[in-house]
Amino acid sequence: MKTYPMAALLAAFALPLTLPFGSVSASPLISIGDNADVFFNGSSSLRSTSNVYRSENNRKNDQILILSPGLELNVGRGASNVDLSLITRYDIVRYNDQSRLDTELFHIKAIGSYRSSRLDLNGLISFDESKTSTGDNAIVDDLIEFDTFVASLNLEYRFSPKFSFGAGVRYREVDYKTYTEYFADRETISFPLDLFYELTPRIDLSVGYTYSETEVDSLVTPLFPGAPLANSVGSYKQKSHFFNVGARGELMPKLNGSFKVGYRARSVGDSSTELVMFPSGVLIPGSEGKRTRSDSGMLGLEADLRWSATPKLTTTLGLSRDFDVGSEGQSNENTSVNLGASYSINSQWAASGNFGYTLRDFSNSGRKDHHYRSGLRLMYSLNQYWNFSGGYTYTENDSNRENRSFRDHTFDLTASLRY
């Protein structure tokens, strides 16, 4: 098996630092005309993880080197009502021990906005390749490869000094490339609508409605690895409605952000179930059935809050309660809390911490997962081009389903360069 000694990993991590500082100038890498700039965005990260596969019983530690060259194109420079950024990155991932997991991943994202006296528009399109494991699936001793495509467009139009209207469309598609017999491809599209009223110059009240629809592809899953028989579960759709009220702006002194609270209603389609020969898909006579999924409703919540406690200390709070679909095609209810804090020590040093908790309640199965994530990070900014950081992250999934729990400790060192 090919290995990467720690000395070689450290040498590769330090490679960007050997570039001469004299080659870095205040101007972009390339300027195109008067309104477009091209920047180089690159980083090297050395990571140590205690549980590569995020497995309950197959814990393996490893050291991972990630080299991420990338480019960023900015159009507009604030000189017009239109701003556009195109960001692309290529991750070269190398494992010290588990070298068969080595991979290369492509990422690209376009972000655009338009501002006028009455109309605000912003949009996003992104594509990401991933090879990872969430630890809450049936795959042992390997990682899963999948692609994610995301697109969104949001607008807000001001009818008068007091009233404005917001609308949008959001699309997300997940396409699995490996272990397709275990994971369900899915597409989600949402249409948010909001009416805003200016209560004060700093606070807007809102009333809104969001319609979401997720289409989940069918699965043909072996009864156990290598089995000639498989369960075939047909495709289905999940639809949800979110009726909400909320507020945004400077909600209290030093507290800014937005929140929506209301009622979510979900309807989930049934699908056929069959016992088939795997992988041919030939139906076993007399095995047809139906998988029934129940409709439900619950309290819905979306919140993104920022509290500037002091000029140096800022804390953030994110809250969410929504319906979702898991990687194996299971409909579920998700409740999440994310708390973060950042402290500016001086002009060059900063520290941050975070804590996140998510409860996944899987419908019609009795399964519940409690997912925890917390971390600490120290950051150093050498100048406007170079940034360095080091951190620790603890991740845990506590599930009442067998072989779905895990713990992972990760340490990393990162150097990044932008010019």
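Derivation of every value follows stated rules applied to the coordinates shown; laboratory data play no part. Keep in mind that what you see is a predicted model, and the values were worked out from it rather than measured. Here Cβ is always computed from backbone atoms with ideal geometry, including for glycine, and neighbour counts include all displayed protein chains.
Tell me which trypsin sites (Lys or Arg not before Pro) from region 318-419 have a DSSP coil assignment and no more than 13 other beta carbons within 10 Å of their own.
Numbers: sites: ARG321, ARG360, ARG367, LYS368, ARG373, ARG377, ARG401, ARG404, ARG407, ARG418; in loops: ARG367, ARG401, ARG404.
Those that pass, being in a loop and sparsely packed, are ARG401.
With r defined as the distance between the Cβ atoms of ARG202 and SER272 and R0 fixed at 41 Å, what FRET efficiency is calculated, to the nearest 0.05? Don't jump to the answer; show the numbers that get you there.
Values: r = 54 Å, r/R0 = 1.33.
Given R0 = 41 Å and the Cβ-Cβ separation, E is 0.15.
Give or take rounding to whole Å, what are the principal axis extents of the alpha carbon atoms in region 72-111, in descending order?
51, 12, 8
In region 220-281, how does Rg compare with the Kirkwood Rh, expressed as the Rg/Rh ratio over alpha carbon atoms?
On the way: Rg = 22.5 Å, Rh = 15.8 Å.
On the Cα set of region 220-281, Rg over Rh gives 1.42.
For the residues ILE345, ILE144, what sequence is obtained by ranking on other C-beta atoms within 10 Å, fewest first? The partial results should precede the final answer.
Details: ILE345 12, ILE144 19.
Ranked by crowding around the Cβ, least crowded first: ILE345, ILE144.
Once you sort the root eigenvalues of the Cα gyration tensor of region 307-372 as a ≥ b ≥ c, which label holds: rounded (a/c under 1.5), prolate (a/b larger than b/c) or oblate (the other case)?
Details: a/c = 4.37, a/b = 3.35, b/c = 1.30.
Because a/c hits 1.5 or more and a/b exceeds b/c, region 307-372 counts as prolate.
What shape does region 287-419 take by its C-alpha gyration tensor, where a ≥ b ≥ c are the square roots of the eigenvalues and a/c under 1.5 counts as rounded, a/b above b/c as prolate, and the rest as oblate? Kindly include the intermediate steps, with their values, before the conclusion.
Details: a/c = 3.01, a/b = 2.09, b/c = 1.44.
It comes out prolate by the Cα gyration axes.
May I ask you to work out the translational diffusion coefficient for region 93-148 at 4 °C, viscosity 1.567 mPa s, via Stokes-Einstein with Rh from the Kirkwood sum over Cα pairs, reported in whole µm²/s?
Values: Rh = 14.5 Å.
It comes out at roughly 89 µm²/s.
Hey, in the GNM for the chain with a 10 angstrom Cα cutoff, which one of ASN397, ASN154, ASN346 fluctuates hardest?
Maximum fluctuation in the GNM of the chain, among the listed residues, is at ASN346.
Where is the GNM fluctuation largest for the chain (alpha-carbon springs, 10 angstrom cutoff): GLY112, GLY166, GLY226?
Sorting by GNM fluctuation, first place goes to GLY226.
Magnitude of the Cβ-charge dipole of the chain, K/R +1 and D/E -1, about the Cα centre, nearest 20 debye? Spell out each step's value before the answer.
Values: 42 positive and 48 negative charges, 234 e Å.
It comes to approximately 1120 debye.
What's the Cα-based Rg to Rh of the chain, Rh via Kirkwood?
Numbers: Rg = 24.1 Å, Rh = 24.5 Å.
Rg/Rh: 0.98.
Only loop residues by DSSP count here, and only those with at most 16 other Cβ atoms within 10 Å; note down the GluC sites (Glu not before Pro) in region 239-344 that meet that. Display every interim value, and only then the final one.
Details: sites: GLU250, GLU274, GLU288, GLU302, GLU328, GLU333; in loops: GLU288, GLU328.
Sparse-neighbourhood loop GluC sites (Glu not before Pro): GLU288, GLU328.
So for region 153-268, Kirkwood radius off the Cα pairs, Stokes-Einstein at 4 °C and 1.567 mPa s: how many µm² s⁻¹? Mind showing how you got there, number by number?
Values: Rh = 17.2 Å.
The estimated diffusion coefficient comes to 75 µm²/s.
Pull out the extension gain between ARG291 and TYR380, defined as 0.36 nm times the separation in residues minus the alpha carbon to alpha carbon distance; nm, one decimal. Walk me through the numbers on the way to the answer.
Working: separation 89, 0.36 × 89 = 32.04 nm, distance 5.40 nm.
26.6 nm is the gain from fully extending ARG291 to TYR380.
What lysines sit close enough to LYS109 to cross-link, taking a C-alpha to C-alpha distance under 27 Å and skipping anything fewer than 8 places away on the same chain?
By straight Cα distance, LYS109 reaches LYS131, LYS177.
Compute the Cα gyration tensor for region 31-84, then decide on rounded, prolate or oblate, letting a ≥ b ≥ c be the square roots of its eigenvalues: rounded whenever a/c is under 1.5, prolate when a/b is larger than b/c in the other cases, and oblate in all that remain. Spell out each step's value before the answer.
On the way: a/c = 7.37, a/b = 3.30, b/c = 2.23.
Here region 31-84 falls in the prolate category.
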